[in-house]
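The values are calculated or read from the model by the stated rules, or taken from the named source; none is laboratory data. Keep in mind that this is a model prediction, so the values were computed, not measured. With ideal geometry, Cβ positions are generated from the backbone for all residues, glycine too; neighbour counts draw on all protein chains shown.
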Amino acid sequence: MDNAFLDRNLALEAVRVTEAAALSSSLHMGRGNEKSADLAAVNAMRSFLNSLPIDGKVIIGEGERDKAPMLYIGEKVGKGGPKVDIALDPLEGTTITAHGGENALSVLAMSEEGGFLHAPDIYMHKIAYGKKYEDLNIDPSSPTKEIIKSFAKYADLKIENIVICILDRPRHEVLINEVRQTGARIKLIPDGDVSAVIATSIEDSGVDIYMGIGGSPEGVLAAAALRCIGGKMYSKLIFKDENEKERASTMGIKDFNKIYTTNELASGDVMFSATGVTDGTLLKGVLIKNNTARTQSVVMRSKSKTLRYVTALHDINIKSII
């Protein structure tokens, strides 16, 4: 395909897609209904994707077809053009949005055909750290204390000054205790591990390492961003039963114990766009006053390693985007 098309033309179009999803879902912020917030984002993103001059295939989506009425894995989008693989999360942080919390995003990544790991929507264990430390190689299967010690030595930081970001989930009780025993500090987040992984490569974000178990779609999206701005990620798919292994096998995954690196999750030329839904570490959320909405987005490209922030004012009729 024409790489220049992916880089130049689609960058601005991708921002328009995530802006639309963020605007639509933001109207449901704080109303306590996760499904309505997610559905609004999905409908808006799907509509805009289908207006693009691409032959797109959703590799990372809302789930498998039988569980996701829209933007499911394998769905074709676009009105025709170059073949593009797509990873997306119309509303990364449905619970956050419904409760009026922080760090909800609308996220979209595109790659050349075959660029994203094709995996079922299951859990994934992840360890990520930022661009400044991306030359550090660790054994992700090592004990937590050894990983943190290795990072501290390489980064020349005292362990008590290292901040580990972890999703606040019961499944992380052991991990949280292990981290605290090292003396490192923890930032617990209720949701939104895409922005948390990206934060490891953002100066002054206050996050040094991301650790824990989250969704595999979010893992691929986060890896796409790190491909653009730098950073390192290790991940391993977690299978709860034979059915999940069978689904993964049909998608081409044969080694169920494989540890994936950043480039194995997202390879080739990659473009990443995100728009804030609620205020967060990475982006400001949607701000609506009268019939004007302000959005803040970020668009990144792996080829040029550029990171651009886009602030836009939208003259809108609120009812038209509900």
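Run down Ala104, Ala155, Ala119 and say which single residue is under 23 Å from Lys305 (Cβ atoms) and among the aliphatic types (A, V, I, L, M).
Values: Ala104 fails: under 23 Å from Lys305 (Cβ atoms); Ala119 fails: under 23 Å from Lys305 (Cβ atoms).
Of Ala104, Ala155, Ala119, the one residue that is under 23 Å from Lys305 (Cβ atoms) and among the aliphatic types (A, V, I, L, M) is Ala155.
The set of residues in segment 116-148 being out of contact with any Gly (no Cβ under 6 Å at 6 or more places or on another chain), surrounded by 15 or more Cβ atoms within 10 Å (Cβ to Cβ) and not in a loop (DSSP other than H, G, I, E, B) consists of Phe116, Tyr123, His125, Ile127, Ala128, Tyr129, Lys132, Tyr133, Thr144, Lys145, Ile147, Ile148.
Evaluate the following for Ala184: is it within 25 Å of Tyr72 (Cβ to Cβ), of a type outside the set (D, E, K, R) and at pLDDT 95 or above?
On the way: within 25 Å of Tyr72 (Cβ to Cβ): no; of a type outside the set (D, E, K, R): yes; at pLDDT 95 or above: yes.
Judged against the criteria, Ala184 is not a match.
Among the residues making up segment 204-226, those that are farther than 19 Å from Thr275 by Cα and either in contact with a Gly (Cβ under 9 Å, 6 or more places away or on another chain) or without any contact (Cβ under 8 Å) to a residue 40 or more places away in the chain (or both) are Asp204, Val207, Asp208, Ile209.
Within segment 237-244, is even one residue in contact (Cβ under 8 Å) with a residue 24 or more places away in the chain, within 20 Å of the chain's Cα centre (by Cα) and not assigned by TED's automatic domain parsing to the domain that holds Ala37? Please lay out each step first, then the result.
Filtering segment 237-244 for residues in contact (Cβ under 8 Å) with a residue 24 or more places away in the chain gives 237-240, 244.
With the extra rule that they be within 20 Å of the chain's Cα centre (by Cα), the set shrinks to 237-238.
Those still in the list that are not assigned by TED's automatic domain parsing to the domain that holds Ala37 too: 237-238.
Yes, segment 237-244 has at least one match.
Can Leu88 be described as under 18 Å from Gly192 (Cβ atoms), modelled with pLDDT of 95 or more and either surrounded by fewer than 24 Cβ atoms within 10 Å (Cβ to Cβ) or out of contact with any His (no Cβ under 6 Å at 6 or more places or on another chain) (or both)? Here the answer is yes, as Leu88 does meet what is asked.
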